[in-house]
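The next block holds one structure in the form of structure tokens; read it before the comments.
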Amino acid sequence: MTDAKYGLLTIGNALVDVLAHASEEFIQEQYQKHGMERASMNLINETRAKELYGQMGPAIESSGGSAGNTSACYASLGGNGAYIGKVADDQLGEVFKHDMRAIGVHYDTTPLAVGPATGRCMVLVTPDGERTMNTFLGAAVELDPNDIDEELVAACAVTYLEGYLFDPPQAKEAFVKASELAHKAGRKVALTLSDPFCVDRHRDDFLDLVDRHIDILFANEDEIKSLFSVSDWNDIPALVDKKCEMICLTRSEKGSVIMNGQDIYEVPAKATNVVDTTGAGDAYAAGFLYGYTQGLPLHEAGEIGSIAASEVISHMGPRPQADLKTLLPKKAA
């Protein structure tokens, strides 16, 4: 992977995150009135986004989106990365572009000139640190195959696809194009399933994508169970075997499991005070892929994933507040 200009290219929904604390009672009230699913990602329209924003408490606003968060963590670890995601030609779009470039991530996707505004994700964090997301996708869903730069894909060791982006048909086409271009250039392709409800909506298409295009799959316990329609964790290893080259499964406080053919590595979680779990999976993927693109053994890559995730969940917001590379063991830095 030393011949790649960039270690990681992430492709996903370009969103601005709006995070605020919320009570369990508020979440329950919103479920009864609007069907808001706790601890999941709920798609909303622009009108509902404005209404919910008015009901939220004091908020933190920052550029986000799952794949964007992974890029931010990868850069904080010392990795050289790039990002593809669609924003509108508006103020929030300019903020997003500035934030990505300011953290050292290459970002040059052409903004949407006409159409919906830049997307945003309203994140409600309950006292247990769990996050409930309400996403107005806006311009993000306008990403299409024309936005996939062949030279950029070929210049990246790993192309990482965000499952949240899988809803629009043109995004699915963009995923396939990016995957084919990456493999044509001898590169690897990774996918994060993102959310069990997202998997429920597109199970057959996800299974087809994994079978035909994915080398490295990221999922948490609920997402992988949803993908294979099973309820018992013990049924998972036999089902995932031979689906793709490698699967990284996160299990919250139980740590993670990395399956590489017949080789299985169990990686413990790093103890921390859980404040906000937003971005935990994004950070884990960044840490693992940083180790992977540096040529480290898989269990060491998993340990870096745990380090990155533990930092992100120790504060509000999905991006690191510490310089992640300073937290790495000396052999990995």
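The values are calculated or read from the model by the stated rules, or taken from the named source; none is laboratory data. Owing to the predicted nature of the structure, the values given are computational and were not obtained by experimental measurement. Note that each Cβ is placed from the backbone with ideal geometry, even for glycine, and that neighbours are counted across all protein chains shown.
When 231, 252, 256 are checked against the criterion of being hydroxyl-bearing (Ser, Thr, Tyr), over 29 Å from residue 139 (Cα atoms) and free of Cβ contacts under 8 Å to residues at least 12 places away in the same chain, a single residue qualifies: 231. Entry remark, region 150-173: residues being within 14 Å of residue 83 (Cα to Cα) and buried (at least 17 other Cβ atoms within 10 Å of the Cβ) number 12 in total.
Inspect all residues belonging to region 7-25 and state whether any of them is modelled with pLDDT of 95 or more, β-branched (Val, Ile, Thr) and part of a helix (DSSP H, G or I). So far as region 7-25 goes, no, none of its residues is modelled with pLDDT of 95 or more, β-branched (Val, Ile, Thr) and part of a helix (DSSP H, G or I). Can you find a residue that is within 16 Å of the chain's Cα centre (by Cα), of a type in the set (Ser, Thr, Tyr) and over 14 Å from residue 180 (Cα atoms) anywhere in region 126-141? So far as region 126-141 goes, yes, one or more of its residues are within 16 Å of the chain's Cα centre (by Cα), of a type in the set (Ser, Thr, Tyr) and over 14 Å from residue 180 (Cα atoms). Restricting attention to region 245-267, the residues being buried (at least 20 other Cβ atoms within 10 Å of the Cβ) and out of contact with any Gly (no Cβ under 9 Å at 6 or more places or on another chain) number 3. Residues considered: 67, 82. Of these, the only one that is within 19 Å of residue 197 (Cβ to Cβ), in contact with a strand residue (DSSP E or B) (Cβ under 9 Å, 6 or more places away or on another chain) and modelled with pLDDT of 95 or more is 67.
Note on region 31-54: residues that are in contact (Cβ under 8 Å) with a residue 24 or more places away in the chain and over 21 Å from residue 167 (Cβ atoms) total 1. Among the residues of region 296-333, the one identified as in contact with a Leu (Cβ under 6 Å, 6 or more places away or on another chain) and free of Cβ contacts under 8 Å to residues at least 40 places away in the same chain is 307. Residues in region 97-118 that are outside any loop (DSSP other than H, G, I, E, B) and within 23 Å of residue 5 (Cα to Cα): 97, 98, 99, 100, 101, 102, 106, 107.
Being buried (at least 17 other Cβ atoms within 10 Å of the Cβ) and within 22 Å of the chain's Cα centre (by Cα) is a property that does not hold for residue 22. Which one of these does residue 90 not meet: (1) without any contact (Cβ under 8 Å) to a residue 24 or more places away in the chain; (2) farther than 19 Å from residue 319 by Cα; (3) of a type outside the set (A, V, I, L, M, F, W, C)? Answer for residue 90: the failing condition is (1).
Of all residues in region 178-211, those satisfying the criterion of being basic (Lys, Arg) and at pLDDT 95 or above are 184, 187, 188. Annotation: of all residues in region 68-96 being outside any helix (DSSP H, G or I) and charged (D, E, K, R), the one that is surrounded by the most Cβ atoms within 10 Å (Cβ to Cβ) is 86.
The number of residues in region 299-333 that are polar (S, T, N, Q) and part of a loop (DSSP other than H, G, I, E, B) comes to 2. Does region 207-227 include one or more residues that are of a type outside the set (Phe, Trp, Tyr), more than 23 Å from residue 37 (Cβ to Cβ) and surrounded by 24 or more Cβ atoms within 10 Å (Cβ to Cβ)? Yes, region 207-227 contains at least one residue that is of a type outside the set (Phe, Trp, Tyr), more than 23 Å from residue 37 (Cβ to Cβ) and surrounded by 24 or more Cβ atoms within 10 Å (Cβ to Cβ).
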